[in-house]
1. Against the empirical 2.2 N^0.38 Å scaling, what ratio does the C-alpha Rg of segment 92-183 come to?
2. For a quick check: sort 146, 55 by the number of other beta carbons within 10 angstrom, fewest at the front.
3. Please report 44, 56 as a ranked list, fewest other C-beta atoms within 10 angstrom at the top and most at the bottom.
4. Under the Kirkwood approximation applied to all pairs of distinct alpha-carbon atoms, what is the hydrodynamic radius of segment 37-126 in Å?
5. In angstroms, what radius of gyration and Dmax does the chain have, counting Cα atoms only?
């Protein structure tokens, strides 16, 4: 259950981050098709500032071992093809979700309210074998799972502000981050 306790001042908000999902170079397929994604996702700097304790939860994934395992199964696949396929899978998100849930179960501090910011797009409906209700105009069936980026947090800068030792860009290890806030 790896985490780093941080302060609000270390969390870097920037409204421009919400535009990264839709720009001339890239358009995320979830942009404008999810209750938890821009442009509908709220900018939450003011709300997050009302919390008092912040924990950056992370998952560190060993890319070298994954590549070696994949090459042992598929000897003709290049490292580039293996990594391309890897980044389209939910492996890291699944592991990070486990880390966040374990952190919440084991957290022994007192709090009145919590806010959890995940990574990537909300996957609740797809895990339930349903599609998001956004495009149909219906309200969300659940509480949307906002990512840090969706609400305007620059994750790279936030991580750098913590002095967390991270390889970037990923060569040997890949990371995913979530943020748990308590009042």
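1. It is 1.24.
2. With the fewest neighbours first, 146, 55 line up as 55, 146.
3. Final ranking by Cβ density, sparse to dense: 44, 56.
4. 16.2 Å
5. 17.2, 54
Read-outs throughout are calculated quantities, based only on the coordinates presented, and are distinct from any laboratory measurement. Predicted model, so just to flag it, every value in this text is computed and none were measured. As a convention, Cβ positions derive from the backbone with ideal geometry for all residues, glycine included, and neighbour counts pool all protein chains shown.
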